Amino acid sequence: MIFRRLMLALLTLSLAAPVAAQSAKTLRVVMHSDLKIIDPIWTTAYIVRNHGYLIYDTLFAPDDKLEPQPQMVESWTLSEDKLTWTFRLRDGLKWHDGQPVTSADVVPSIKRWTDKDSLGGLLGRATASMSAVDEKTFRIVLKEPFALMLKALAKSASVPLFVMPKRVAETPISQQISDTTGSGPFIFKKDEWKPGEKTVYLRNPDYKPRAEPPSGLAGGKVAKLDRVEWVWIPDSQTQINALLSGEIDMIEQPSHDLLPVMTKDKNVEAVTLDTFGYIYILRFNWKQPPFNDVRFRRAAQLALNQEDFLKAVIGDQRYYRICKSVFGCGTPLETSAGSDGLLESRFDESRKALADAGYDGTPIVILQAADNTLLANVGPVAKTLLERGGFKVDLQPMDWQTVVMRRAKKDPVAQGGWNISQTSTSVVLLSDPVNNQYAEASGERAQFGWPLDEEIEKLRLAFVRETDSKLQFGIAEQVQRRIMDLGVTVPLGQFVQPIARRKGVSGNIPSSVPVFWNVEKN
């Protein structure tokens, strides 16, 4: 299969059409998914988060060392008892409709975010009150000290704290927003948005960047492009053809097995912007049989292994590593606690566990993102391994945005529900028990799958309160062990994902989030 695709690509090189004439101020990009949802607080899908970073701004943002830096905020103070935080917004903040950004917009934006996000939820529980003091000043009064305040406000995913106009931010979290007025460096052209075809953003002429140079997601967001077009091309080979011919300028997630072919073209280069990379994860639906029973989750973990997933999807060993840590490998809290004997394809033990649990042979439904280069093969590998482990499997292919909608459903399988869903997520965003949204086990508040375990939630709260790094590591190890024991989240291996771009494109900022300020096209 790989050889056939390589031959097709080589043929494309020899037959490629002349580079299409394009404006140096328009960047055409193929992202990892089509955009069908536009509310970056409602969902954890990265494509929607990426959309959010173009059109909204944040109070704080992580720099290239992952330290929180002020973004919309100019200054702040903390009372001696560490319970009262007072923030002041910087000058020049305007909504895309020309109205000024005020503290009255910020307060409901924080509230909507705390209703959704895992770390935000912990902050919400620790908060006694939030209020707008004046047009540029807002205050958060805590019930108890919250050491991760600035890191929480700077969180970059899966649900960043994007500030929205008050009228939009007051939308219940159960309801998706339709008004996309932001204050960020680009403006969403909703009238040109054609799901399945393209998404368009224009430079915001009223945006006032910070004076600092860009660093990670912090610093000055200088939009050097007049127009950014996300062009949706579902087929990876067609994406590459378009890049080689100059019809597009960049591919966010090119297929790993075709990177050598692409970079043979003198006009194309591969660049790794996120050196920590990503982790594949698998989530069970705790609300529906059979995975509402820990014995079945354990049986599945016995049947799975990481290398089969990584070989099938990434292929090249230079880009992946085995990693049983839910906090990522290479991070300060890396640990494989609780993973002994799991993820090693012990099929005999899996089949015995199913028999002991009384498995009745009902097929389990796995959602497959068939149009997503990084996820398309994950479902078929899971199906093969789980069937060898004794399960019957119904693999249901669909586009990624449909997966995002389906995995939010809590209905029985027969009514459109599901049993297993898989995704990939940035290591940077998984690196501790509170930022890691897939470590949350708060039931209805938790991410898709809705795991529920009071002990994990107590440990996550203890992590927030602890300031000693050695003791924090011990807490993280306990969380990891419990996650693996209960099947809260199953790590399926770690990998890095380069972008592919034409050499006339420069300025992409090293970050776990693909952003388009500072990018130039010659």
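Coordinate-derived values only; no laboratory data. Note that the structure is predicted; figures quoted are calculated from it, not measured. As a convention, Cβ positions derive from the backbone with ideal geometry for all residues, glycine included, and neighbour counts pool all protein chains shown.
Here are a few things to note about the model shown:
- Projected area, mean over directions - the range 297-360, Cα convex hull, nm²: 5.3
- Cα gyration tensor shape for the range 390-522, rounded if a/c is under 1.5, else prolate or oblate: oblate
- Whole-angstrom gap from the range 433-481 to the range 219-239, using each part's C-alpha centre: 36
- Take every Cα pair under 8 Å whose residues are at least 6 apart in sequence, average their separation, divide by the length of the chain, and the relative contact order is 20 percent.
- For the range 387-429: rounded, prolate or oblate by the Cα gyration tensor [a/c cutoff 1.5]: oblate
- In terms of its Cα atoms, the range 438-482 spans 31, 19, 14 Å along the principal axes, sorted from long to short.
- Residues whose placed amide H lies under 5 Å from that of VAL365, excluding near-sequence neighbours: ASP394, ASN419, ILE420
- Dipole magnitude of the chain, debye to nearest 20 (Cβ charges: Lys/Arg +1, Asp/Glu -1, about Cα centre): 480
- Residues of type lysines that LYS503 reaches as a straight line, Cα spacing below 19 Å, ignoring anything fewer than 8 places off in the same chain: LYS25, LYS224, LYS264, LYS266, LYS521
- Lys/Arg +1, Asp/Glu -1 at C-beta; the chain dipole; positive extreme among PHE448, GLY220, LEU386: GLY220
- Gyration tensor (alpha-carbon) shape descriptor, the range 56-176, a/c threshold 1.5: rounded
- Cα centroid separation, the range 490-521 to the range 381-432 (Å): 26
- Coupling constants for the range 263-278 follow from the phi torsions by the Karplus curve (6.51 cos²θ - 1.76 cosθ + 1.60, θ = phi - 60°), and in residue order they are 6, 6, 6, 5, 9, 10, 9, 9, 10, 8, 8, 10, 6, 6, x, 10 Hz; glycine and proline get x.
- Here the chain is treated as a sphere whose radius is the Kirkwood value from Cα pairs; by Stokes-Einstein at 4 °C and 1.567 mPa s it diffuses with a coefficient of 54 µm²/s.
- Principal semi-axes of the equivalent ellipsoid, √(5λ) from the alpha carbon gyration tensor of the range 278-495, are 26, 19, 18 Å from largest down.
- Percentage relative contact order, the range 56-176, counting C-alpha pairs under 8 Å, at least six apart: 32
- Cross-link pairs exceeding 31 Å in C-alpha to C-alpha distance, out of LYS143/LYS166; LYS143/LYS470; LYS189/LYS311, comprise LYS189/LYS311.
- Net +/- balance of residues flanking VAL519 in space, Cβ distance below 10 Å, scoring K and R +1, D and E -1: +1
- Expressed per residue, the C-alpha convex hull volume of the range 184-242 stands at 117 Å³.
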